[in-house]
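The values are calculated or read from the model by the stated rules, or taken from the named source; none is laboratory data. Computed from a prediction, not measured in an experiment: that's the story for all the values here. Cβ placement follows ideal geometry from the backbone for every residue including glycine, while neighbour counts extend to all protein chains displayed. Side chains included, ligands, DNA and RNA excluded: accessible areas come from the protein's heavy atoms. Shrake-Rupley method; radii C 1.70, N 1.55, O 1.52, S 1.80 Å.
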Amino acid sequence: MPVTDHTVPRFPDGETPQMASLADQLRRILGSDGLAHLVLYDGDTAKVVLDAAATTTGTDDAESASHERTGRQLHYILEELEPDFAALRTGALIRTVLRVPTGAVFYYLVEPGFHLYGATGAVDRLDELDARMAECVNGLRMPARFSPLNYGSWFNEEPWVGQPVAAPPQPPQPDPEPSGRASAPVGGHLAERRPEDADAPLDAADALRSALDVGGLHYIAYHESSTRAWVYDIFDHPGLGSFFRGQTPDRRRERYRLMGQLLPGVTQRMNLSLRAIMRGELLQVVLDVEQGAVYFHALPGRRYLVGVTLDQSRVTEADRRVARLAAGLAGD
């Protein structure tokens, strides 16, 4: 339920009329049974800090300070990924979700330089709270004349500025030649297997191929380690050609392969940052960019999945596909 009017924002860098106005807007999505902490950052500087449990004293307690510090550390970690996303040509990182067994952290781009951090322990309401964050951030963008963004593809059924128009149906086309790669049909599409070790057995092959679909998940890598993986994708499907303007599917594959090797180190650093505020190791990371998203799912035995969708309107669908696949592989 919404918090009462006693929730007192803190302004670590000094209160201004603009920050006070932003704090009023942020208070509307803070709730004792939902989002428990919100911090608005300009770069690595906290401008507004809100806590659902705050009182009229506005006490700067240790928990609030821990969240403020976690958001700052997350800023540094994600800033280091910017060159990797620039090389992919998929746009800025607009939304990050970190999920552990006891809760989640959301980190949203508001406008250039500004980010909104949110934390919750309501693990059964993550989709609802994520969508509330997206709606709130777009509410902050529009008065500054920034167009709304389709964070997490939560707004596919809503009218929003820049909503993509559905492409007209395309006539059936033959699958492209696999160029010597092992392949198998997936729902009428071509899924190509690219294992690091072609002779290694993979009992999960059918599950990996079945997770792919042109209307959702387009790339999946199952890693036994950072250097040993089995990779399937449908990048050569003719329906995905428009996502590769100026960059070939093979070049994009190589970039995602390198990112798959990089992400375990990134998530280890994220785990260290989250330990001060939540119990348990990271289960899931969503890196949502302007065009699509990258997903990381931890599996037992230091295994992990890396998934990719190229389509921003299918970010939530692809997320659910990777989550289902991870649940199935976790018991292997």
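Dipole check for the range 192-332: with +1 at the C-beta of Lys and Arg, -1 at the C-beta of Asp and Glu, and the Cα centre as origin, the magnitude is about 440 Debye. In the calculated pair-distance distribution of the range 232-327, the portion above 21 angstrom amounts to 37 percent of the Cα-Cα pairs. To the nearest 10, the accessible area of TYR232 is 0 Å² with a 1.4 Å probe.
The ellipsoid that matches the Cα gyration tensor of the range 278-332 has semi-axes, each √(5λ) in whole angstrom, of 21, 13, 8, with the longest given first.
What the phi angles of the range 309-320 give under the Karplus curve with 6.51, -1.76 and 1.60, with θ = phi - 60°, is a coupling list of 10, 8, 10, 4, 6, 10, 4, 5, 4, 5, 4, 5 Hz, glycine and proline written as x. Computed packing ranks the peptides 239-248, 142-151 as 142-151, 239-248, most packed first, by mean other Cβ atoms within 10 Å. What the phi angles of the range 325-331 give under the Karplus curve with 6.51, -1.76 and 1.60, with θ = phi - 60°, is a coupling list of 5, 4, 4, x, 7, 4, x Hz, glycine and proline written as x.
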